[in-house]
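The values are calculated or read from the model by the stated rules, or taken from the named source; none is laboratory data. The shown structure was predicted, so the numbers you read here are calculated from the model rather than taken from an experiment. When we count neighbours, we look across all protein chains shown, and the Cβ atoms used for this are built from the backbone with ideal geometry, even at glycine.
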Amino acid sequence: MVTLKELLAQRAQLEEQIAQKQNTERADAIMRVKALMAEHGLTLADLGTVRKVKTSGDQRSSSVAPKYRNRATGETWSGRGLQPKWLKAAITGGAKLEDFKI
């Protein structure tokens, strides 16, 4: 009967073989793709898969258009996240959310 220790050793060997095989097949695939690209004069831009890597200067917060407005003060809320205090107070006071819809 095979012991647990032997099975674990076999698994470790198999995992190593799998990793090596994946690396060699990946390298072969990259070489074939590069050869085809060179043969046909293609660039990464031709593939349409070029992605711009974001740098710290590129990070911009995207704003969402407001859906609700406090007509008295002009304050707005996009409908995302927690309700603002002015809206909670108004709803507690008997107003409806739809009353503030833009």
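Key figures
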quantity: Count of region 78-93 residues which are part of a loop (DSSP other than H, G, I, E, B) and within 20 Å of residue 65 (Cα to Cα); calculated: 7
quantity: Selection from region 67-86 of residues that are in contact (Cβ under 8 Å) with a residue 12 or more places away in the chain and more than 32 Å from the chain's Cα centre (by Cα); calculated: 70, 71, 73, 86
quantity: Selected residue (criterion: farthest from residue 102 (Cα to Cα)) from residues of region 72-92 that are among the hydroxyl-bearing types (Ser, Thr, Tyr) and exposed (fewer than 14 other Cβ atoms within 10 Å of the Cβ); calculated: 92
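So that you can scan it fast, the table gives a plain yes or no per residue for (1) at pLDDT 90 or above; (2) surrounded by 10 or more Cβ atoms within 10 Å (Cβ to Cβ); (3) assigned to a helix (DSSP H, G or I); (4) acidic (Asp, Glu):
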position: 1; (1), (2), (3), (4): no, no, no, no
position: 9; (1), (2), (3), (4): yes, yes, yes, no
position: 12; (1), (2), (3), (4): yes, yes, yes, no
position: 17; (1), (2), (3), (4): yes, yes, yes, no
position: 20; (1), (2), (3), (4): yes, yes, yes, no
position: 37; (1), (2), (3), (4): yes, yes, yes, no
position: 54; (1), (2), (3), (4): no, no, no, no
position: 57; (1), (2), (3), (4): no, no, yes, no
